[in-house]
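Any read-out appearing in this document is the output of simple, stated calculations on the displayed coordinates, not a laboratory observation. The model shown is predicted, which means the values in this text are computed figures rather than measured ones. With ideal geometry, Cβ positions are generated from the backbone for all residues, glycine too; neighbour counts draw on all protein chains shown.
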Amino acid sequence: MIRRTLVTLTLALAAGLSASSALAQSWPNTVELQLAPDIPGVIAGGTMPEVVVKGLTSSDDPLWIPNVGLIFSESQANRIVRLDENDKPVTYIGDLLNPLGMTVDPQGQLISIQTRPGMMGPRVVWPKGKEKIVADNYEGKPFGRPNDIVADKKGGLYFTDPPGNPQGGVPSAVYYVPPGGKALRVTDQAGRPNGLQLSFDETILYVNDTGGIHVYAFDVQADGRLANRRIFATYAGRTTASTPAVPVSAADGLTIDDQGRLYALTEAGIEVVSPAGNSLGIIPVWCITRRCQNIGFGGPDKRTLYIAGGGTLIRIPMLARGYAGRVK
């Protein structure tokens, strides 16, 4: 009877997670898996996430690359990891500088955010022999600690720098590096910007505020600069683990499917948002020690959602398909 009650309670929680139940939760130091609720066109009710890898020093930004497969960053081990044919993590690129977010540009170059003090910013790390620094400063000042990155079709790069530097460094901001150019600060009006993503037609840039409760939308100008900031959606997830102690969503990684729906990691799990900015539901998932950090569609048909964080990699079979126009 006790076991049946626990199972029933778990199912009820999975199906009924809402804004009120997503507030300020105390999570265990383990992977938290629950059955997914039914979100039409997104995920079938009762789908269970699967832990693929655990026990690494860290994990971030899963990325599916054709003819390579699934890769992700293990920042504390200074490497990018690839899943082999047996789902075992093997080194894909080593000797890096605490890598975090990644993207692939139109030339097929893998660009990785490096975050070791004194060497921060996006770098080309593949193909071998083509490695180079893309940007490591803004107007002579070092970045604080860049995080996530996305490439546009022109070969330009947007990336976030959340922490800011009160000792004379750059503030929290979003940057754009045009092809062959220097970093431009395109907004410092997104709170503590973290995960970011472009719309299909690249006319809108979405930016998660990890220190607030919103995802912002900006119109992309012809030169890559941004205009017309507005709140695109408000997240349900909440935590008070911040300074000062105010409720925030801790929104992190962000990805998009082929219908324009956004998928964001927050304290509630994976929040799914419609192209109009409406909440469609929450897929409850938790990585070891903290919320998961980044998210992306993968698999040959891009119908698998990969989630990384806390040295863990999780995957979920989806009804939705990831956008095919970019690697993420």
Extension gain from ASP301 to THR203, taking 0.36 nm per residue of separation minus the Cα-Cα distance | 32.7 nm
Set the Förster radius R0 to 30 Å, insert the Cβ-Cβ distance between GLN189 and ALA324 as r into 1/(1 + (r/R0)^6), and round the FRET efficiency to 0.05.
-> 0.45
Alpha-carbon centroids, the range 38-92 and the range 194-234: separation in whole Å | 26 Å
Kindly express, to the nearest 10 degrees and within the range 0 to 90, the angle between helix 2-16's C-alpha long axis and the longest C-alpha principal axis of the chain.
-> 50 degrees
Among 223-232, 254-263, how do they line up from the highest to the lowest mean number of other beta-carbon atoms within 10 Å?
-> 254-263, 223-232
Counting Lys +1, Arg +1, Asp -1, Glu -1, what net charge surrounds ASN294 among other residues with beta carbon under 10 Å of its beta carbon?
-> -3
Total formal charge among the other residues, if their Cβ is under 13 angstrom from that of GLU50, Lys/Arg +1 and Asp/Glu -1 = +1
Residues LYS128 and ALA276, FRET efficiency given R0 of 51 Å [Cβ-Cβ distance, rounded to 0.05] | 0.70
Treat the count of other C-beta atoms within 10 Å as a stand-in for reagent exposure and order GLU139, GLU85, GLU202 from fewest to most.
-> GLU85, GLU139, GLU202
Along the charge dipole of the chain, Cβ charges K/R +1 and D/E -1, which of ALA268, PRO163, PRO49 sits furthest on the positive end?
-> PRO163
R0 = 51 Å: FRET efficiency of GLU32 with ALA222, Cβ-based, nearest 0.05?
-> 0.70
Taking the square root of 5λ for each eigenvalue of the C-alpha gyration tensor of the range 78-211, the equivalent ellipsoid has semi-axes, largest first and in whole angstrom, of 24, 17, 15
What does the charge count near ARG230 come to, summing +1 for each Lys or Arg and -1 for each Asp or Glu among other residues with Cβ under 13 Å from its Cβ?
-> -1
Mind jotting down a quarter of the surface of the convex hull over the alpha carbons of the range 21-317, in square nanometres, one decimal?
-> 14.6 nm²
